[in-house]
1. Please get the size of the charge dipole for segment 32-127, origin at its Cα centre, with Cβ charges of +1 on Lys and Arg and -1 on Asp and Glu, quoted in debye to the nearest 20.
2. Taking only DSSP H segments of four or more residues, each worth -39500 (n - 2.57), what value at 222 nm results for the chain once the sum is divided by all its residues, to the nearest 500 deg cm²/dmol?
3. If all Cα-Cα distances of the chain are sorted into 10 Å bins from 0 onward, what percent lands in each bin, rounded to whole numbers?
4. Is segment 72-145 rounded, prolate or oblate when judged by the Cα gyration tensor, a ≥ b ≥ c being the square roots of its eigenvalues, rounded requiring a/c under 1.5 and prolate requiring a/b larger than b/c?
5. For the chain, with only Lys/Arg (+1) and Asp/Glu (-1) charged at the beta-carbon, what is the dipole magnitude about the Cα centre, in debye rounded to 20?
6. Spelling out what I want: for every residue of segment 40-51, take phi, set θ = phi - 60°, compute 6.51 cos²θ - 1.76 cosθ + 1.60 (Karplus), and round to whole Hz; glycine and proline get x.
7. From the phi angles alone, apply the Karplus equation (6.51, -1.76, 1.60; θ = phi - 60°) to segment 20-25 and give each ³J(HN,Hα) in whole Hz, x where the residue is Gly or Pro.
8. Run through segment 73-156 and list the trypsin sites (Lys or Arg not before Pro) located in a DSSP loop whose Cβ has at most 11 other Cβ atoms within 10 Å.
Amino acid sequence: DEGCYYCLDMGSVFMSMPFMTAPLSSPWVADFCASPGGKSVAAWRALRPSSLLSNETIGKRTAALISNLKRCRTIPCRVTCNDPQPLAAALEGCADLVIVDAPCSGQALIGKGDRSDNCFHPVMINRNAMRQRRIIATAAGAVAPGGFLSYMTCTFSREENEGVLEWFLKGHPEFVPMNVEVLRSYQSNLASFPCYRLWPQHGEGSGGFASLLQRRSGEERGEPHLEQLRIVWEATGETQEGE
């Protein structure tokens, strides 16, 4: 209750490792699918960002996000409730780290005892893969040259994991998959590039998928579009600045 702890299962810790170990110092961080806030808190504690923006598209999920960020005293940070497209446009090319914990079919949730209806149905998997493609392609626009994009899910289907990244990398050659040394033993054998899977049989949580991409440097770093940001801020008006 006092914010001394934020409890994450091992799957969430696993998915956070790529961005928590990325070579960043006081970065500008944008978490595009943030609720209930675990990844934002992890990024804040591990990286001590100069600025943290936690966005949640679904309005009814923002209450839990705001509550957790306030409880854990993640200062400074800003909570928004926006579709990824206007958010990425406002932050074009200026975030050192973009986190995409993408909505998915949630197959790993079964291992935690949660319900995940139709999570193995092909229609559900395909619907989520299409949504994930849109989110990652949009969110990528916010990544600064030399910055990082961390993509993760809590599901097992290849279509939502390696398949999404294969599709994305074909259309965005400026992004390069990065080795995450601490996850070397979890390298996926379903892709020809570095990405990582936690399976339930590992005995370390219900499972998950994680990856880290870096945008090639050489371009100019962007600046937030202030007018667009003003519109984004007005979506919630929630912020924590100072003590």
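The values are calculated or read from the model by the stated rules, or taken from the named source; none is laboratory data. Since the structure is predicted, the reported quantities are computational estimates derived from the model, not experimental observations. We place every Cβ from the backbone using ideal geometry, glycine too, and count neighbours over all the protein chains shown. The accessibility values were calculated without ligands, DNA or RNA, using every heavy atom of the protein model including side chains. Shrake-Rupley method; radii C 1.70, N 1.55, O 1.52, S 1.80 Å.
1. Details: 12 positive and 7 negative charges, 98 e Å.
Rounded to the nearest 20 debye, it is 480 debye.
2. Computed ellipticity for the chain at 222 nm equals -9000 deg cm²/dmol.
3. Result, from short to long distances: 8, 33, 39, 18, 2 percent.
4. Details: a/c = 2.91, a/b = 1.60, b/c = 1.81.
Cα axes put segment 72-145 in the oblate bin.
5. Numbers: 23 positive and 26 negative charges, 76 e Å.
So the dipole magnitude of the chain works out to roughly 360 debye.
6. Result, ordered by residue: 5, 5, 4, 5, 5, 6, 7, 10, 6, x, 5, 8 Hz.
7. In residue order, the calculated couplings are 5, 9, 5, x, 10, 10 Hz.
8. On the way: sites: ARG73, ARG78, LYS112, ARG115, ARG127, ARG131, ARG133, ARG134; in loops: ARG73, ARG115.
Qualifying residues, ordered by number: ARG115.
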